[in-house]
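In what follows, a structure is listed as structure tokens, so that the remarks can point back to it.
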Amino acid sequence: MRKVVATGKTIDEAVMSALVKLGVPRSQAQVRVIREPARGFLGWLGGREAEVEVSVIETPLDAAKEFLRTAISKMGLGQAAIVADDVDEDGQVKLSISAEEDALPILIGRRGATLDALQYLVNIVANRETAEKVRFTLDAAGYRDRRLESLRRLAEQSADKAVRLGRPVTLDPMPRRDRKWVHAHLQSRGDVVTISEGQEPYRRVKIIPKRYDWT
């Protein structure tokens with residue numbers, strides 16, 4: 001959070017000085033009075049100025065961007081640009097990270113595990129001091145879209161195989177988010193059903209032909 005300490009003959013003068021330094025209007029600032037002004041002997045001798053601490057009120061988006069930039073820097077991945085895209089159909093704000101190409105595998109992690117962890121932390125940090133919660137999704141270099149396309153192909157090919165062979169096809173273990181997406185995607189097909197089986201982190205999706213003989 002950006003903040004400065006400023007002084008002035010009056011509290012208003014001190015606040016105005018701080019706002020100028022921060023470059024924000026009064027409506028975006030929070031003021032804490034450190035010291036009230038006091039008149040000295042005969043109106044001036046020994047008097048003291050007002051002292052205030054003025055901080056910029058951060059929006060959840062501001063807090064999310066600041067956290068991500070700090071976290072990525074501490075991970076040793078250099079500087080990163082954080083861009084907020086439009087709100088999606090679920091009311092979530094998508095944050096896209098642009099970083100050096102050699103930093104992306106570390107930032108994304110295996111099957112997006114690091115990206116998921118950062119997304120979880122972003123939502124906690126960004127909403128700590130706000131009554132109206134904002135939900136964020138996090139992406140890097142278009143990974144999420146590529147992952148969904150990969151899952152779509154895998155789900156369709158596996159469903160086709162299950163129907164063709166007349167027996168269940170079990171996918172490799174995947175995170176809960178990916179399993180949920182596969183289940184939802186294959187619901188539109190009338191020839192297969194899906195279930196999840198196994199224990200985390202080895203839980204898998206099983207695709208079963210509707211005409212499968214369970215006997």
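Only helices enter this figure: runs of n ≥ 4 DSSP H residues, each worth -39500 (n - 2.57), summed and divided by the residues of the chain, yield -12000 deg cm²/dmol at 222 nm to the nearest 500. With respect to the chain, whose longest principal axis is taken over its alpha-carbon atoms, helix 176-186 is tilted by about 50°.
Among 128-134, 105-111, 64-70, the peptide with the highest mean count of other Cβ atoms within 10 Å heads the list, and the full ranking is 64-70, 105-111, 128-134.
Seen against the Cα atoms of the chain and their longest principal axis, helix 11-22 is set at about 50 degrees. Counting only the Cα atoms, the chain fills a convex hull of 160 Å³ per residue.
Placing unit charges on the Cβ atoms of the charged side chains and taking the dipole of the chain about its Cα centre, the candidate lying farthest along the positive direction among Gly8, Gln30, Leu77 is Leu77. Please give me the summed charge of the neighbours of Gly78: other residues whose Cβ is under 15 Å from its Cβ, Lys and Arg +1, Asp and Glu -1. Counting the neighbours of Gly78, the net charge comes to -1. Lysine pair count for the chain with Cα-Cα distance under 14 Å and sequence separation of 8 or more or different chains is 5.
Electrostatic tally near Glu49: other residues with Cβ closer than 13 Å to its Cβ, Lys and Arg +1, Asp and Glu -1, net 0. Solvent exposure of the stretch 4-162, expressed per residue, is 61 Å² of accessible area, with all protein chains present and a 1.4 angstrom probe. When the alpha-carbon atoms of the stretch 144-215 are used, the pair Rg, Dmax equals 11.7, 40 angstrom.
The values are calculated or read from the model by the stated rules, or taken from the named source; none is laboratory data. Note that the coordinates shown come from a computational prediction; the quantities given were computed from them, not determined experimentally. Ideal geometry is used to build each Cβ from the backbone, glycine not excepted, and the neighbour counts take in all protein chains shown. What goes into the accessible areas is simple: the full protein's heavy atoms, side chains included, and nothing from ligands, DNA or RNA. Shrake-Rupley method; radii C 1.70, N 1.55, O 1.52, S 1.80 Å.
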